[in-house]
Each structure stands twice: as C-alpha cells, then as structure tokens.
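See below for the structure under consideration.
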Amino acid sequence: MEKTLEELAHIVGGRLVGNPSIMITKVANIAMADADSITFAVGEHVEEAKTCKAAAVILPNDVDKFPLPAVFVDNPREVFIDLMNLFTPKLKIKREISDKAIIGENVTIGKNVAVMPLAVIDDNATIGDDVVLYPHVYIGQYAQIGDGSMIYSNVTVREFCEIGKNAIIHSSTVIGSDGFGFVTENGKHVKVPQVGNVVIEDNVEIGAHVGIDRAAMGSTYIRKGTKIDNLVHIGHGCDIGENNLIVAQTGISGSTKVGSNVTFGGQVGTVGHIEIGADSVFAARSGIINNTPKGVFYAGFPARPHQEWLRITAASAHVPEIIKEVKKIQRRLENEK
C-alpha cells in the first residue's frame, strides 16, 4: 500500500506540516524507521524523533518547531494504531465450515462463521455469528462462543464454559481445565469434583498458553475488557474485574477477587481467597499475601507500598557493612571485659 502524507493526514484528521506529496509505504517505530516510513512520538521521545530517518512523524498538537514533516493530532498513539491497521495486509479467511471439521450433534452455528480443518465442536455447543475457529480448536459440550470471537489453533474451551462477544484467545490456551482441588485424607489426595465453569465476558483478549480453571461450583469470571498476556494461570473460582492487565507468568490463586482496572506486572503471584482493590498496580514479581485496598502501587514480597519497598531495598544493600560494624563493636566490648 502507498499513501501520500496528505492522504494520511486527511484519513486521521490531522494538521499537516511539510511536503504533502511524500509517499508513505509502511509504519515503523522510531529506531527502525526509514525514508518510506511514518512513525510517531510522544513525551520524551519527541526529541529522539527529531533526528530519526522517518519520512514523517505523527506528533501531539502541542509540539512546536519540529524539523521533519509531521502530522499533528490529539492522540498520536491511537492514530498510529489506526495507521498500523491500515498498512497491515488483511488475512483472507473463508467464511465456511470445512468438510474436515468435526461437528457434534445439536450444535448451533451462527452466520458468517469460519470453522477450519480439524476443529472440533462437540455436542450441544453454540457458536455465534462472525466467529473464527482455527485448526485443532476444541469447543466442548454445551460451551458457548459469542459473536465476533477469534479462537486460534489448539485452544481448548471445555464443557459448559462461556466466551463473550469479540473475545480473542491465542494458541494453546485452555479455558475450563479442572481447578486444583484436593482433600488430603490419611496421606492421600482425593480429588474434589470441579463441576463449575468459566465465564469470559465481552472484549477480553487472552494470550498463548494460558490456563483458566473452572470453579469447583459456580463460575470463574474474567470480566469485560480484561487483557491477559501469555503464560498466565488463573485459579478456580477467581473473579477478575473489568479492564485488568495481567502480564506474563502471573499466577492468581483460587477464589481471589480482583477489582477493575488493576495491572499485574510480570511474575506477580497471589495467595488465594483474598480481595484486591480496584485501580491498583503491582510491580513485577510482587507477592500479594493479604487483601489490598483500592488505588495502591505495591511491589516486593510481601507486597507493600512501592516507595517503602524502594527504601527497604536500598537499605538492604548496606546490611553487609552494618554486620561488619556490629561485629567490630562486639569484639571491642569483649576485649574490654
């Protein structure tokens, strides 16, 4: 695809400064941009963009005296996402049910659906309109997939689980595996039946190799708009609020309730049966062992206010010196006896 800078400025509703006839063929970040690219910059990156090799730059409206051709907009990040979609070739997906797919009994399939070869839809499942099921997907008995959802290869959605509208589930994720529930009797671990399900609400995106366990009874919930990275585990009976961001290798133990707009950095871990307040951020590798209030920024193990954790970490670097001084004092006191 090729677009002039003038055409792009018109598409995004921006203010053009520079040669309108510059031809743009791709989008790129600042470091990778070349003479055929358009990039974007905000905040501290505006100064870096002044010397980049891009043909043009998307910038905030409040930037002044920029040396390169530019398109000024209210929100460069959102505009750049639109341009990425514009310049990315669209995949061609045949909206048909492959004769190599396996469809069970009493299955309901909506309009404009793609079911690719070797996908399996088990008995009594329901597939909404505009759904795409890639090869080797398994949709269990009585499971429901909402309109517009995209389920990539090797995903398993087990029996009775519900996926909302416009969900994206990446390869090799398992929705509705049995919760880790056992009762120990006489040294033996006896399995507790896991007869609940998982409910994924609308506009949720789930990365690759994620495991979300079904509840023992009732439901495990992933609420609207939450985004989950690769290699995350959500235990049985959790209730994950709306618009959470859960970064890779995080583990949330069973029956944990999480408020809305919470961010978990990479490798965060929680104990089970706690409540985590809304509008909070947990730095990477935080260990959450108690209920937490709303609106906190926590770090460390056990998780505590971020500034407190920074002070403790800084002080710990001096512990060896302090120990040496204490030993010196001990020896001096012993010699004075």
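For Ala119, the residues whose amide H sits under 5 Å from its own are Ile102, His136, Val137, ignoring neighbours fewer than 5 places away on the same chain, with H placed 1.01 Å from N. Rounded to the nearest 500, what is the chain's calculated 222 nm mean residue ellipticity when only DSSP H runs of at least 4 contribute -39500 (n - 2.57) each, over all residues? After summing the helix terms and dividing by the residues of the chain, the value is -5000 deg cm²/dmol. Here's how it looks for Thr220: its modeled amide H is under 5 Å from those of Asn197, Val198, Val199, Ala215, Gly237, which are all 5 or more places away or on a different chain.
The modelled label-to-label distance for the pair Leu91/Asn75, using points 7 Å beyond Cα in the direction of Cβ, is 2.6 nm.
Report in % the part of the accessible area of the stretch 107-181 that belongs to carbon and sulfur, leaving out ligands and nucleic acids; probe 1.4 Å.
Here it works out to 51 percent.
Cβ-Cβ distance of Asp82 and Lys224, R₀ of 22 Å, FRET efficiency by 1/(1 + (r/R0)^6): the value works out to about 0.45.
Each residue of the stretch 16-29 was assigned a 3J(HN,Hα) from its phi angle through the Karplus curve 6.51 cos²θ - 1.76 cosθ + 1.60 (θ = phi - 60°); the sequence is 8, 10, x, 5, x, 8, 4, 9, 10, 10, 6, 10, 7, 6 Hz, with glycine and proline shown as x.
Classify the chain: rounded, prolate or oblate, from the alpha-carbon gyration tensor (a ≥ b ≥ c, eigenvalue square roots; a/c under 1.5 rounded; otherwise prolate if a/b is larger than b/c)? Oblate.
Could you tell me the calculated FRET efficiency between Gln330 and Phe180, based on Cβ-Cβ distance and R0 = 51 angstrom, to the nearest 0.05? Once the sixth-power term is evaluated, E becomes 0.55. When the solvent-accessible area of the stretch 261-329 is split by element, carbon and sulfur atoms take up 60 percent of it, the probe being 1.4 Å.
Report note on the peptides 256-265, 324-333: ranked by the mean count of other C-beta atoms within 10 Å, highest first, their order is 256-265, 324-333.
Of all DSSP beta bridges confined to the chain, the antiparallel ones make up roughly 15%. Can you spot the lysines whose alpha carbon is less than 18 Å from Lys294's alpha carbon? Ignore those fewer than 8 places along the same chain. Straight-line reach from Lys294, under 18 Å: Lys257.
Take the Cα of Ala317, step 7 Å toward its Cβ, do the same at Glu2, and the gap between the two points is 5.5 nm.
Accessible surface calculations at 1.4 Å, restricted to protein heavy atoms, place the stretch 235-330 at 54 Å² per residue.
At a probe radius of 1.4 angstrom, the accessible area of the stretch 12-144 per residue rounds to 57 square angstrom.
For the listed residue pairs Lys92/Lys165; Lys111/Lys227; Lys3/Lys53; Lys26/Lys227; Lys111/Lys165; Lys90/Lys224, the alpha carbons are over 23 angstrom apart in Lys111/Lys227; Lys26/Lys227; Lys90/Lys224. Rounded is the label for the stretch 215-290, because a/c, from the alpha-carbon gyration tensor with a ≥ b ≥ c as root eigenvalues, stays below 1.5. Here the peptides 247-253, 306-312 are ranked by packing, the mean other Cβ count within 10 Å, and the order with the highest first is 247-253, 306-312. Report the local net charge at Ala56: Lys and Arg +1, Asp and Glu -1, summed over other residues whose C-beta lies under 14 Å from its C-beta. Net charge in that neighbourhood comes out at 0.
Within the stretch 129-234, antiparallel bridges make up roughly 15 percent of the DSSP beta bridges whose residues both belong there.
Length gain on complete extension for the stretch Leu118 to Gln141, per 0.36 nm per residue less the alpha carbon to alpha carbon distance? Once the chain is fully extended between Leu118 and Gln141, it gains 6.6 nm.
Along its three principal directions, the equivalent ellipsoid of the stretch 88-219 from the Cα gyration tensor extends over semi-axes of 29, 15, 13 Å, largest first. May I ask you to list the GluC sites (Glu not before Pro) in the stretch 71-121 that are in a DSSP loop and have at most 14 other Cβ atoms within 10 Å of their Cβ? Answer by residue number: Glu96, Glu105.
The values are calculated or read from the model by the stated rules, or taken from the named source; none is laboratory data. Note that the coordinates shown come from a computational prediction; the quantities given were computed from them, not determined experimentally. Positions of Cβ are backbone-derived with ideal geometry, glycine not excepted, and every protein chain shown enters the neighbour counts. Please note that ligands, DNA and RNA were not included when accessible areas were found on the heavy atoms of the full protein model with its side chains. Shrake-Rupley method; radii C 1.70, N 1.55, O 1.52, S 1.80 Å.
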